[in-house]
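Accompanying notes for the structure given below.
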Amino acid sequence: MSTKTATSVACANIAFIKYWGNRDNALRLPSNGSISMNLDGLFTHTTVSFQPSLPFDELIINGHEVAGKGLTRISHILDLAREMAGIKMNAEVMSENNFPSGAGIASSASAFAALALASSKAAGLDLNEAELSRLARRGSGSASRSIPSGFVEWQMGTGDNDCVAVSIAPPEHWALVDCVAIVSAQHKKTGSTEGHALAWTSPLQAARVADATRRLDICRNAILQKDFEVFANIIEHDSDMMHSVMMTSTPPLMYWQSATIEVFHQVREWRAGGLPAAYTVDAGANVHVITLKEYAGEVEKRLRELPGVSNVLVAGAGGGAKLV
Ligand code: DP6
């Protein structure tokens, strides 16, 4: 047996219609479908090498060895790849993010998408896009959406087999830009995985889930028709609904800081004044302000002038996960 190696890259993504809560936590089958855009230039680069001499799996992130829970989560995906390929070797996983951690950009999406591709390839498998999306999903739900290119919809499906993400439009379809206003570089206290498990303790989650098809239809159509006004209203509404569930779960999750809310007010004023901009927030305090490419410079400049904003990252629509 000889060493088997593969390297991949995958982009982070920002959800426009959010995934929050699972109907099956172990398989990461979400309570509702979601829609996102891959973020060009914000990626994880991962090399997986299965080596006959390794006594256990090893994980190195940004040059530092990681053990404990982080390693267990990676080994779970390696186990699935090993099982499919019928191999038993342990692996060394070397992963690097080119964006700062705690910057309001989930690294789990790009990380598990890159891991699904590199580990399956290194194991000798040749998985298609749907199979890769399923495998990535088992590591982190949002990672299923970082496999296909551009604008992506993660379908709920009926079970493990058809719960996959598909591209609804390529990156060049619509020149949207995400200006991420960093208001807090602090590491969040409650991660997404623990958060999903609390979703159904909120009495608002049932209403949020029951209404998801409507929001998905509006958002998908707004993207396909490039209707910014409709798009802006639905993504803000969806983000506010998810945070309402978070705030009313037991125990309650409050991710916003005062600067987060200040950005909301500013963005709505800018839009009323004719500048196309809309906000959305994941499980953290930083605000993703979505705009059109021609206005990105202006949005970035205005965000930087706000007192609570310490930095702004800018990314357009990105492609799918790739081998390198
Ligand atoms: C708020 O995919 O990070 O960003 O499956 O437990 O890894 P795990 O959760 P994760 O959840 C993402 C939650 C979100 C919304 C979204 O990206 O859809």
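When each of Ala109, Ala118 is tested for being open to solvent by less than 20 Å² (accessible area, probe 1.4 Å), under 18 Å from Thr5 (Cβ atoms) and either in contact with a strand residue (DSSP E or B) (Cβ under 9 Å, 6 or more places away or on another chain) or basic (Lys, Arg) (or both), the lone residue that passes is Ala118. Looking across the range 121-142 at every residue that is basic (Lys, Arg) and open to solvent by 10 Å² or more (accessible area, probe 1.4 Å), the one that is farthest from the ligand (Cβ to nearest atom) is identified as Lys121. Taken over the range 285-321, residues that are touching a strand residue (DSSP E or B) at 6+ places or on another chain (Cβ under 6 Å) and closer than 18 Å to Phe99 by Cα amount to 16. Residues in the range 158-179 that are surrounded by 14 or more Cβ atoms within 10 Å (Cβ to Cβ) and part of a loop (DSSP other than H, G, I, E, B): Asp160, Cys163, Val164, Pro170, Trp174, Ala175.
Restricted to the range 24-52, and to residues there that are more than 18 Å from the chain's Cα centre (by Cα) and away from the ligand (no atom under 13 Å from the Cβ), the residue that is surrounded by the fewest Cβ atoms within 10 Å (Cβ to Cβ) is Pro52.
Taken over the range 117-154, the residue count meeting the criterion of being more than 23 Å from Asp178 (Cβ to Cβ) and of a type in the set (S, T, N, Q) is 3.
I'd like to know if the range 3-11 contains one or more residues that are under 17 Å from the mean Cα position of the chain (by Cα) and within 16 Å of the ligand (Cβ to nearest atom). For the range 3-11, residues under 17 Å from the mean Cα position of the chain (by Cα) and within 16 Å of the ligand (Cβ to nearest atom): present.
Among residues that are touching a strand residue (DSSP E or B) at 6+ places or on another chain (Cβ under 9 Å) and surrounded by fewer than 24 Cβ atoms within 10 Å (Cβ to Cβ), Ile182 is included. Of the residues Val309, Val267, Val263, the single one that is among the β-branched types (Val, Ile, Thr) and open to solvent by 10 Å² or more (accessible area, probe 1.4 Å) is Val309. Entry remark, the range 6-63: residues being closer than 29 Å to Ile218 by Cβ and not β-branched (Val, Ile, Thr) number 29 in total. All of (1) more than 17 Å from Phe16 (Cα to Cα); (2) charged (D, E, K, R); (3) open to solvent by less than 30 Å² (accessible area, probe 1.4 Å) hold for Arg145 with one exception: (1).
Tell me, please, whether a residue that is within 16 Å of the ligand (Cβ to nearest atom), open to solvent by 20 Å² or more (accessible area, probe 1.4 Å) and not in a helix (DSSP H, G or I) can be found in the range 72-93. Within the range 72-93, not a single residue is within 16 Å of the ligand (Cβ to nearest atom), open to solvent by 20 Å² or more (accessible area, probe 1.4 Å) and not in a helix (DSSP H, G or I).
Among the residues of the range 185-212, count how many are of a type in the set (S, T, N, Q), within 13 Å of the ligand (Cβ to nearest atom) and open to solvent by 80 Å² or more (accessible area, probe 1.4 Å).
Of all residues in the range 185-212, those of a type in the set (S, T, N, Q) come to 186, 190, 192-193, 201-202, 205.
The next check asks that each one be within 13 Å of the ligand (Cβ to nearest atom); those that pass are 190, 192-193.
In the following step, the residues that additionally are open to solvent by 80 Å² or more (accessible area, probe 1.4 Å) were identified as none.
Selection size over the range 185-212: 0.
The rows are residues; the columns are (1) of a type outside the set (D, E, K, R); (2) touching a residue at least 24 places away in the same chain (Cβ under 8 Å).
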position	(1), (2)
Val209	yes, yes
Arg220	no, yes
Lys226	no, yes
Ser239	yes, yes
Met254	yes, no
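If I go through the range 270-306 residue by residue, how many of them are in a helix (DSSP H, G or I), of a type in the set (Gly, Ala, Ser) and open to solvent by 40 Å² or more (accessible area, probe 1.4 Å)? Lay out the reasoning, then the answer.
Filtering the range 270-306 down to residues in a helix (DSSP H, G or I) leaves 270-272, 293-305.
Going one step further and asking which of them are of a type in the set (Gly, Ala, Ser), we end up with 272, 296-297.
Pick out the ones that are also open to solvent by 40 Å² or more (accessible area, probe 1.4 Å) and you get 272, 297.
Adding up the residues that qualify gives 2.
The values are calculated or read from the model by the stated rules, or taken from the named source; none is laboratory data. No experiment lies behind these values; they were computed from the predicted model shown. Quick reminder, even Gly has a Cβ in these numbers, built from the backbone with ideal geometry, and neighbours come from all protein chains shown. Keep in mind that these areas ignore ligands, DNA and RNA; they rest on the heavy atoms of the full protein, side chains included. Shrake-Rupley method; radii C 1.70, N 1.55, O 1.52, S 1.80 Å.
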